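Some notes on the structure that comes next.
The values are calculated or read from the model by the stated rules, or taken from the named source; none is laboratory data. Note that the structure is a prediction, hence the values are computed from the model and not measured. Ideal geometry is used to build each Cβ from the backbone, glycine not excepted, and the neighbour counts take in all protein chains shown.
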Amino acid sequence: MAQEVRTVEQRTPQTTETGQRSAPQPMFLPPADIYETRDNIFVLAEMPGVALDGVDITLERRVLTIRGRSASNDHAGYQRVYNEYADVDYERAFTTSENIDWDRIEATLKDGVLHLVLPKAETANARKIELKSG
Amino acid sequence: MTLEGARRPVQQQDVNWQRRERAYGTFSRAVQLPFRVDPDRVQARFNNGILEI
């Protein structure tokens, strides 16, 4: 698990099919912790500013991609005094070496940290092939 | 105004770490405000990991 798929540090986000992006936001690689137990692989990714509806998790073959989009943080009527924080998009992709039971993946978002639990698939799925006589 | 907090690591027994990039521990930051503040009317929210005061 946890072979990183190289992604560009910063790029112009593309428009997704779910909605249009009003303005491109900087793209960040969210820092991640990944650890495994006997049965599960855990992924914790920091995506502060991202709300539930801003998270997108996709699995394609063995590539797990997580994306997050910070909720807009406009403060109408206020004048900016100081600024370090910015709304950003997050994206990161990993390949998984273990077989993952995709149907039982759990994802939660708490205090800006995305938690993923990836259950390892049972390896006892070996199938016996019946041999037919020709 | 001083902010202090702590990030506690996940307590997990018998785990095999693959990647450890997140930072843990205590933190503190002091900000000098450019005006006087009424301390009784300060409001704070913590949403999605962002503290707003």
Self-check item: Filtered residues of chain B (kept if closer than 30 Å to A:Ala93 by Cα, of a type in the set (Phe, Trp, Tyr) and within 12 Å of another protein chain (Cβ to nearest Cβ))
Solution: B:Trp17, B:Tyr24, B:Phe46
Self-check item: Test for A:Glu17: is it out of contact with any strand residue (DSSP E or B) (no Cβ under 8 Å at 6 or more places or on another chain) and modelled with pLDDT under 90
Solution: yes
Quiz item: Assuming A:Gly77 fulfils every condition listed in (1) loosely packed, with under 10 Cβ neighbours inside 10 Å; (2) closer than 19 Å to A:Leu29 by Cβ apart from one, which condition is it?
Solution: (2)
Exercise. Could you please give the count of residues in segment A:88-115 that are at the interface with chain B (Cβ under 9 Å from one of its Cβ atoms) and within 14 Å of A:Gly54 (Cα to Cα)?
Key: 5
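Could you tell me whether A:Glu122 is buried (at least 18 other Cβ atoms within 10 Å of the Cβ) and either touching a Lys or Arg at 6+ places or on another chain (Cβ under 7 Å) or assigned to a loop (DSSP other than H, G, I, E, B) (or both)?
Numbers: buried (at least 18 other Cβ atoms within 10 Å of the Cβ): no; either touching a Lys or Arg at 6+ places or on another chain (Cβ under 7 Å) or assigned to a loop (DSSP other than H, G, I, E, B) (or both): yes.
Here the answer is no, as A:Glu122 does not meet what is asked.
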Quiz prompt | Odd one out for B:Ile50, checked against (1) in contact with a strand residue (DSSP E or B) (Cβ under 8 Å, 6 or more places away or on another chain); (2) surrounded by 10 or more Cβ atoms within 10 Å (Cβ to Cβ) | solution = (1)
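Let's see how each residue does on (1) facing another protein chain (nearest Cβ under 10 Å); (2) buried (at least 20 other Cβ atoms within 10 Å of the Cβ); (3) not aromatic (Phe, Trp, Tyr):
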residue: A:Met27; (1), (2), (3): no, no, yes
residue: A:Ala32; (1), (2), (3): yes, yes, yes
residue: A:Thr37; (1), (2), (3): yes, no, yes
residue: A:Val50; (1), (2), (3): yes, yes, yes
residue: A:Thr58; (1), (2), (3): no, no, yes
residue: A:Val63; (1), (2), (3): no, no, yes
residue: A:Arg69; (1), (2), (3): no, yes, yes
Quiz item: Of everything in segment A:67-100 that's closer than 19 Å to A:Leu114 by Cα and charged (D, E, K, R), which residue is modelled with the lowest pLDDT?
Solution: A:Asp87
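Just to confirm my filter: which strands (runs of 3 or more DSSP E) fall fully inside chain B and include at least 2 residues that are under 25 Å from A:Leu29 (Cβ atoms) and either in contact (Cβ under 8 Å) with a residue 12 or more places away in the chain or of a type outside the set (A, V, I, L, M, F, W, C) (or both)?
On the way: elements: B:2-7, B:16-20, B:25-30, B:45-47, B:50-52.
Answer list for chain B: B:2-7, B:16-20, B:25-30, B:50-52.
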Practice problem: Select from segment A:39-48 the residues that are over 12 Å from A:Leu114 (Cβ atoms) and crowded, with 19+ Cβ neighbours inside 10 Å and write down the one among them that is nearest to the other protein chains (Cβ to nearest Cβ). | Solution: A:Ile41
